[in-house]
Structure formats: structure tokens, C-alpha cells
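The values are calculated or read from the model by the stated rules, or taken from the named source; none is laboratory data. Predicted model, so just to flag it, every value in this text is computed and none were measured. As a convention, Cβ positions derive from the backbone with ideal geometry for all residues, glycine included, and neighbour counts pool all protein chains shown. Protein only, heavy atoms only, side chains kept; ligands, DNA and RNA dropped before computing areas. Shrake-Rupley method; radii C 1.70, N 1.55, O 1.52, S 1.80 Å.
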Amino acid sequence: MTDATETFLQTTRTSYDAIAKDYAAQFPAGGRHPLDRTVITAFAELVARRGTAPVADLGSGPGHGTALLDELGVPAFGVDLSPAMVALARDTYPQLRFHIGSMTSLDLPDATLGGILALYSTIHVPDAHLPAACAEFHRTLQPGGHALLAFQTAEAPGHLHLPERFGHEIDLDYYWRTPEQVAAATTAAGLELVATVRREPAEEETRARAFVLVRKPADEA
């Protein structure tokens, strides 16, 4: 692991450790936009059609996405960089499995996942490290397995640094990407584009939301 990789992982980890409880209170379970839930439900159906291999919810945070997949009948577990987030998820959903890890270097065997869900977690991965994350998606997915990435989007790529959130001192970077940019990163890693969805901001949101659905080629050994 390079120094640059460890730096962004460490700053993201410590920032979310600091705001974990406030973040969970701000974004409770059940607060998901109906269109977002529809896209996740379609993803779950695609995964279920292929069998019982689990879905990894990468950047699982308080565990709400993992729990939704479980509710939809898909075996799922969560992976998050922040120990505080993992502890919160375990407390909230003791029947589900969560562990600490990074999407840029997953502690998972090759071709063992039926699907990957990344809800608003790739936004903290710098451009230089996004190819490593996409390569891990490709490596760990079974042939025919799907990955669904959700992220805040903009008309053009951008970057935001926050030194404070919820009254806590943090050091957190956000990377805004277009659906085309994210699709290009995943297809460069060997995944096939299935669909993109974009919706305008709703209620208190300030940025549009986008989903990119990709799959590992079914004929890939």
C-alpha cells in the first residue's frame, strides 16, 4: 500500500469515526427516496436470479443498505473503513454481519460475490485510486454478478474538502463525478455497463443523484 493510499484511507476512517453517531442520526433507516429504493430493489432481483452468493455492501456505514438487501431476501454483509461505523451497524443490526475493510483492497476471495452495492461510498475515493476499487469489484464478483454504485453527481467532475461536519473536526474529501465518468472507470476494469439512472435533488438535497449498474461478463472464467 502506497503512502498516498494510506493517507486518504486514514483521513476518511478517522473522519467517519468522529461523526458516526451524528451521521446515523441524520440519515436514519427508512429515509431513502422511492426511486433510489426502486433501483436497489431491481439490483437485488438481478442478484437473486443468479443464486445465493452474497452481496457485499461496500462503505456500509450504519448498515441501512445491508439491512435493506436482507429485507429484500438477498444474503448480504457490510464492509466499512470506519470501526465506529461498523460498531454502530453491528449494534443496530445484530443479525447481520459487518466488518472493517477497504474497497480498494478487499479481504475476500476471487469470484465469490453475487453482487456489490456501493451507496455513496466511492465519493471519497480519489480519482487516482478509483481504478483500484473497480478492479476489486471485478476480481471479487462471480461471472454474471452485478455491481450498483450510487453517488452524488454534477454536470462536470468536481472536488470538495470539508474540515468540519456535525460540529466535529474532520479531514474529508468528496469527489463529484458524472455517470459517464463512473461508467468509464468500471468498464475499464472489465465490467459491462447495464444501466445508468439520474434523478434531480429532492427536498433538502443539493446535488443530483446517479446510479451506475454494471456486471462482470457471464462468460468470464
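Assorted remarks:
- Flag for Gly51 being in contact with a strand residue (DSSP E or B) (Cβ under 7 Å, 6 or more places away or on another chain), open to solvent by 10 Å² or more (accessible area, probe 1.4 Å) and assigned to a loop (DSSP other than H, G, I, E, B): yes
- Output for region 22-74, where each listed residue is of a type in the set (Val, Ile, Thr) and under 18 Å from Gln95 (Cβ atoms): Thr52, Val55, Thr66, Val74
- Within region 181-221, considering residues that are polar (S, T, N, Q) and touching a residue at least 24 places away in the same chain (Cβ under 8 Å), the one nearest to Gln152 (Cα to Cα): Gln181
- Considering Thr2, Thr52, Thr7, Thr12, the condition of being at pLDDT 95 or above and not aromatic (Phe, Trp, Tyr) is satisfied by Thr12 alone.
- Considering the conditions (1) under 26 Å from Asp219 (Cα atoms); (2) assigned to a loop (DSSP other than H, G, I, E, B), Ser60 is excluded by exactly one of them, (1).
- Residue within region 92-107 that is farther than 28 Å from Arg50 by Cβ, out of contact with any Ser or Thr (no Cβ under 7 Å at 6 or more places or on another chain), buried (at least 19 other Cβ atoms within 10 Å of the Cβ) and of a type outside the set (Val, Ile, Thr) present: no
So that you can scan it fast, the table gives a plain yes or no per residue for (1) within 23 Å of Thr12 (Cβ to Cβ); (2) of a type in the set (Asp, Glu):
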{"residue": "Leu130", "(1), (2)": "yes, no"}
{"residue": "Gln142", "(1), (2)": "no, no"}
{"residue": "Leu160", "(1), (2)": "yes, no"}
{"residue": "Glu169", "(1), (2)": "yes, yes"}
{"residue": "Tyr175", "(1), (2)": "yes, no"}
{"residue": "Leu191", "(1), (2)": "no, no"}
{"residue": "Ala195", "(1), (2)": "no, no"}
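Yes or no, residue by residue, for (1) more than 27 Å from Phe166 (Cβ to Cβ); (2) open to solvent by 20 Å² or more (accessible area, probe 1.4 Å); (3) out of contact with any helix residue (DSSP H, G or I) (no Cβ under 9 Å at 6 or more places or on another chain); (4) among the small types (Gly, Ala, Ser):
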position	(1), (2), (3), (4)
Phe8	no, yes, no, no
Arg13	no, yes, no, no
Ala20	no, no, no, yes
Ala29	no, yes, no, yes
Leu35	no, yes, yes, no
Leu46	yes, yes, yes, no
Pro62	no, no, no, no
Gly65	no, no, no, yes
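- Scanning region 20-64 for residues that are farther than 15 Å from Leu141 by Cα and aliphatic (A, V, I, L, M), we see that the one that is farthest from the chain's Cα centre (by Cα) is Ala25.
- Taken together, Leu81, Leu96 contain a single residue that is over 14 Å from the mean Cα position of the chain (by Cα) and among the aliphatic types (A, V, I, L, M), which is Leu96.
- Residue satisfying all of: in region 103-116; of a type outside the set (S, T, N, Q) and touching a helix residue (DSSP H, G or I) at 6+ places or on another chain (Cβ under 6 Å); nearest to Gly59 (Cα to Cα) among these: Met103
- Cβ pairs under 6 Å, 6+ apart, first in region 8-28 and in contact (Cβ under 8 Å) with a residue 60 or more places away in the chain, second assigned to a helix (DSSP H, G or I): Thr12/His124; Tyr16/Met85; Asp17/Ala84; Ala20/Ala84; Ala20/Met85; Ala20/Leu88; Ala24/Leu88
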